Structure formats: structure tokens, C-alpha cells
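Asks: Quick one: the structure is below, and I'll ask about it shortly.
The values are calculated or read from the model by the stated rules, or taken from the named source; none is laboratory data. Just so you know, these numbers come straight off a predicted model, no measurement behind them. Every residue, glycine as well, gets a Cβ built from its backbone with ideal geometry; the counts of neighbours run over all protein chains shown. SASA here: full protein model, heavy atoms, side chains in, ligands and nucleic acids out. Shrake-Rupley method; radii C 1.70, N 1.55, O 1.52, S 1.80 Å.
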Amino acid sequence: MSLAQDFSRGIMKENPVFKQALGMCPFLAVTTSVENALGMGAAATFVLVFSNFLVSLFRKVIPAKVRIPSYIVIIATFVTLVDLLMNAYLPALHSSLGIFIPLIVVNCIILGRAEGFANKNKVLPSIVDGIGMGLGFTLAMVIMATFRELLGNGSWLGFNLLGEAYQNQPLLIAILAPGAFILMAFILGFFNIMEKRKRGGAK
Amino acid sequence: MAENRVFDIAVSPHVGSSQNTRRIMWDVVIALTPALIAAFWFFGPRAIMLVAASVGAAVLTEWLCLKFMKRPVNFAFDGSAVVTGLLLAYNVPAGVPWWLPVVGSAFAIAVAKQAFGGLGHNIVNPALLGRAFLVASFPVLMTAGWIAPMQWKDGERIDVQACGVPTAHLMESGELDALSGATPLNALKQTFSWEGEPERSEEVRAMLFSKESIKNLFMGRIGGCIGETSVIMLFLGAIYLILRGVLELRLPLSYLGSVALFGWLFGGQGWFDGNPLFHLLAGGVILGGFFMVTDMVTTPVTKKGRIIFGIGAGLLTMVIRRWGGYPEGCSYSILLMNLGTPLIDRYTKPLSFGEVKKNG
């Protein structure tokens, strides 16, 4: 498999959120604004790339029986790095993402790629895979956050799009938890329909 | 017609029934009409406009969804969308802008009903989910849009007594600076929070539970949602449904009985202190009890299950009224019990003929 395929696979064909249904917790929780989604996506991508890199590098050294604890130690190291860096340089974003930064440790996308890809592949493809999956995750978060911020606050990335009148009476539920579940159902349903059409066309 | 041929091959004897979805739904629409007249009388033409907007949006959304899913669009006119639209409008305050029931109806039909597969497949009552959606999205409009009854006729002059709530008392104490007409349940909820002033809260509760207040509740001369206030008109509709054989009485009776029992038990400040009649007549209990608890799709089919459903919904209603965050718990209690319906049905399934009871 070529590097280009390793890269593009994570964005659409095997998108971690839309196709593998991984990373649902941050996907539902921090997509209240596009800014949060971008921040979360960048943090997760950073951790994903470096954990893939290290896991792939040590894949022949780590004994199979203790591989999961080893992955967690590697991932936790980078999460701690991100946590401290963000707290130092982006305190506003850090406080709005809150507990979800430390929770990247248990993000199943990162562990899934360590176990499912980096563990079996060379260093360079693993890094590229990390970038692709990270971008796919970020893309999914931004799509979701676009709907939620637009409906729930009338804005996109902080820019007021729908006007003052809408912002006085926005569809508040979109940035609350129930709205996240409802929108997720519609977005996943949309991708399932697209998938079905594509398969039907191929036959 | 071709599909129906399948059912023609059974062995006799057959029992015919004139009941079908269309007939039942239009019966419910007729039964809801008296409450609409009361809404016009108390809240003015505005209420009619809101109801019309809601019903129109519900039918239009149903039609669009069916069109989009390539199903027969005739289903949009079987009356079920009209009932949903009516019930949703009956559940919003009369003072809200026109687009609010439109948004609620569209959500109720598109998400709560059609996204789950249409009539018969929805897991919760669409109108109530529409209302819950509106409360979550527009909390200010949905909890402050109360209009004092008869205000549209009397202009600015407001008959304090007519509101059924001790507004005069509240005005004196500086609690209110304008009268938008608090609902009786709002007033009751407030008394629960006056921990330090037992006398004051006792006095207000005595007013709420007084004969005068009960009479206003019965006639509907109170602030409240468009279709829920006039108990007598809702009763008229319920009697019509009973005569037409559409209403099965286990659900409404167990629900109303449970509200009265628990209302008496903990509907006041202490135990055994509540007024069961007040709790039955105030808020949406009568509307919910006869028109929403009885929804055929989202309530149990077994006889025992229906009684469990009614009692559970009544208990939840009273728990929310007494200790919950909202003054009225009718809609949420029914929604919660809707979710439990499959479970109730499962555990109350009667034995088939010849089946032996397990561990019996």
C-alpha cells in the first residue's frame, strides 16, 4: 500500500468517526464550537502522530503480553505534553476543553491505530497514517461543530453569520447534549446513505 | 387493495370493525375542538393563530417527509399529523411568537415520528417530544409566555381574582412588578422555596387550594398553555371519545388516580397535606391523561401494563412537581414512561392459552 493511500484512508474511506464510530466521546462533548473542535482535533492529531511513531519504532522491542500498558504509557506521555503546552500557551482553549484534554489518553482512535496499524507497520507509513487519521478526526469534529455552532449560536468560528435577531433566540438545544446526539444520528445516517448508494452503483 | 387480499384467506368466523387509523384520528381531532373554543375565549384570536400554524406545519412536514422517503403521501392526511400539531400547540403558552409552534411541530413530525419510521414506529409521543425540544431550545419563551386569561378582551385592565392565583398578595410583597399571569403551579412551586416563611407559604397555598381557585381551574380561567387550562372542555372531548369507543379507560383512570393519590400524599409542604383536586385540575394532567397517556403507539398494549404505566406516570408527575426543576411534570413523566413501554409490555405479557406458568 502506498503512502498516499495510507494518508487518504483516514480522511474519508476509513474516517475514524463516520466509518469506524471511534472517538465518540470528544465528538459529542467538545463540538459545541468550531474553535473547540479545531483545538481538540489538533491536540489529538499531535498525540496520534507521535504515539504511532514511537509504537512503530519499538514494535519489535515491546513484548506482546504487555503491549497495551506500553502503548498507554507512550500515549499518556504525549497527552501530558499537550496538556502542559496548551495550559501554558493557549489557556483559554485549555479551560474550555477542560477534562477532555487528559481524556485523550483513553481516546480509542489513538489506541486503535497503535494496536491496528503502527504495531504492524514501518515508521514512515505509521506517521502518515497518524496524520491521515488525525485529519479525518478533525474534519469530522469540524463538520459536527459547524452544525452545532451555527444552529446553537448563529455563528461559525466566532463570526456572527445569522445575525443579531437569531442570536437572541437560537436553537439552544444544538449546543446541549441532546442536540449532539440528534445531529450525530443525522450525520451518520447521511454517510450510511452515501455508502449504500456507492455500493449499489458499483454492482 | 391488492395487499389486503392477503388477509382474505383466514377461516371464519370474522369480526368486523369499523375502526381504522383515519377514523380514530379524526375522532380525536373532534374531541380536542372544545378545548380550542375555550382557548379562543380565554386567550383570544392569538391562540387560534398559533394552533393553525402548528397544525399546518405538522401536516406540511409530514407530507414533505413522505415525499422525500418516496412513501404514499396520502398518509399525511390520515389525521395523525393534525393530532400531533394540535397537541403540540395546546402545550405551548399563548404568548409565544408564531414560529415557535411551527418549529416544534416540524421537529415532532420529522425527528420524533418520521425518522423512526412513521406512524406506529415512534417510541415516544411526537407532540411531547416536540414540546421537550422547545423547552430545551427556547427556555425563556416556553416558561415566560404566559398570558393572563381574558386579557385580550379587557385590555390593560386585569382582573386579579380571575387569574386564580394570589397575585394580589405577590404584588403587595413586591414579588411581581408586572402581571403576565403566573400559572397556579408556578405559584405553588414558589411556596416550596419559602423555607424561612412558613406562614406566608401556608397562606398562598391555602389560596391556591381554595374553592374559588378550584372553580377557576375547572373552568380554565387561569394562566397556562393554550389547550390545557379548561378542564370542563377537555372533559367534554373525553366523553365524546368514550362514547365513540376510542378511549380505553385503564390508562387515564390509573394516571389520574395516581396523580390524586400522590398529590394528596406529598403535593403540599409536608406529608398528607396536598389537595388532590388541585393537582388533578392544574397544569396539563387532564389534557395529558385523556389525550397523551392514551396514545396507542407509545403506551403498553397489555391491560396490566396500562395500569402500571398510568401509576408510574402519575408518580413521576408529582415527584417533578414537588421536587423537580420545573413546576409541571406532566409531559416529562409521560415521555419517561414511553421509554419504559417495551419493558412493561415484556413483563406483563399474558400467558398464551395452554402455557404453563414458570415456577408456578
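Asks: For chain B: lysine pairs with Cα atoms under 19 Å, gap of 8 or more or different chains, count?
Replies: 9
Asks: Now for a different question. Calculate log10 I(q)/I(0) of segment A:110-183 for q = 0.19, 0.21, 0.23 Å⁻¹, where I(q) comes from the Debye formula with a single equal point scatterer on each Cα and nothing for solvent.
Replies: -0.76, -0.83, -0.92
Asks: Here's a follow-up. How many angstrom lie between the C-alpha centres of segment A:131-185 and segment A:21-77?
Replies: 24 Å
Asks: If I fit a long axis through the Cα atoms of helix A:177-202 and take the longest principal axis of the Cα atoms of chain A, what angle between them do I get, 0 to 90°, rounded to 10?
Replies: Helix A:177-202 sits roughly 70 degrees off the main axis of chain A.
Asks: What does the buried accessible surface come to for B and A, summed over both chains, with the probe at 1.4 Å? Round to 100 Å².
Replies: The summed interface area works out to 700 Å².
Asks: Taking only Cα atoms, what is the 0 to 90° angle, nearest 10, from helix A:34-57's long axis to the longest principal axis of chain A?
Replies: 10 degrees
Asks: Please go through segment B:275-360 and write out the chymotrypsin sites (Phe, Trp or Tyr not before Pro) that DSSP classes as loop and that have at most 10 other C-beta atoms within 10 Å.
Replies: B:Phe353
Asks: Which positions within segment B:134-151 get 20 Å² or more of their accessible surface covered by the other protein chains, compared to the chain by itself, with a 1.4 angstrom probe?
Replies: B:Ala136, B:Ser137, B:Phe138, B:Leu141
Asks: If you place +1 on the Cβ of every Lys and Arg and -1 on the Cβ of every Asp and Glu, how big does the dipole about the Cα centre of segment B:21-144 come out, in debye to the nearest 20?
Replies: I would put it at about 220 debye.
Asks: If eta is 0.890 mPa s and T is 25 °C, what Stokes-Einstein diffusion coefficient results for the protein assembly as shown, Kirkwood Rh from Cα pairs, in µm²/s?
Replies: Roughly 91 µm²/s, to the nearest whole number.
Asks: Two decimals, Cα atoms only, Kirkwood Rh: what is Rg/Rh over chain A?
Replies: 1.02
Asks: Follow-up question, since we're still on this one. Divide by every residue of chain B the summed helix terms, -39500 (n - 2.57) for each DSSP H run of at least 4, and state the resulting mean residue ellipticity at 222 nm, rounded to the nearest 500 deg cm²/dmol.
Replies: Mean residue ellipticity at 222 nm (helix-derived): -18000 deg cm²/dmol.
Asks: Another question, then. For segment B:21-144, how big is the tail of P(r) above 21 Å, as a whole percent of Cα pairs?
Replies: 34 percent
Asks: Calculate how steeply helix A:123-153 sits against the longest principal axis of the alpha-carbon atoms of chain A, using the helix alpha-carbon long axis, and give the answer as 0 to 90 degrees to the nearest 10.
Replies: Helix A:123-153 sits at roughly 10 degrees to that axis.
Asks: What whole-number value in Å² describes the accessible area per residue of the protein assembly as shown for a 1.4 Å probe?
Replies: Averaged over the residues of the protein assembly as shown, the accessible area is 49 Å².
Asks: Right, here's the next one. Percent of accessible area on the protein assembly as shown owned by carbon and sulfur, 1.4 Å probe?
Replies: Of the solvent-accessible surface of the protein assembly as shown, carbon and sulfur hold 68 percent.
Asks: Note every residue of segment A:160-192 with a reduction of at least 50 square angstrom in accessible area, all protein chains present versus the isolated chain, computed with a 1.4 Å probe, or write none.
Replies: Buried by 50 Å² or more upon assembly, which counts only protein chains, are A:Gln169, A:Leu171, A:Ile173.
Asks: Here is a further query. Under the √(5λ) rule applied to the eigenvalues of the Cα gyration tensor, what semi-axes describe the equivalent ellipsoid of chain B? Give them in Å, descending.
Replies: For chain B, the ellipsoid semi-axes come out as 37, 25, 17 Å.
Asks: Follow-up question, since we're still on this one. May I ask you to derive the relative contact order of chain B, considering only C-alpha pairs under 8 Å and at least 6 residues apart, and to give it as an integer percent?
Replies: Value for chain B: 17 percent.
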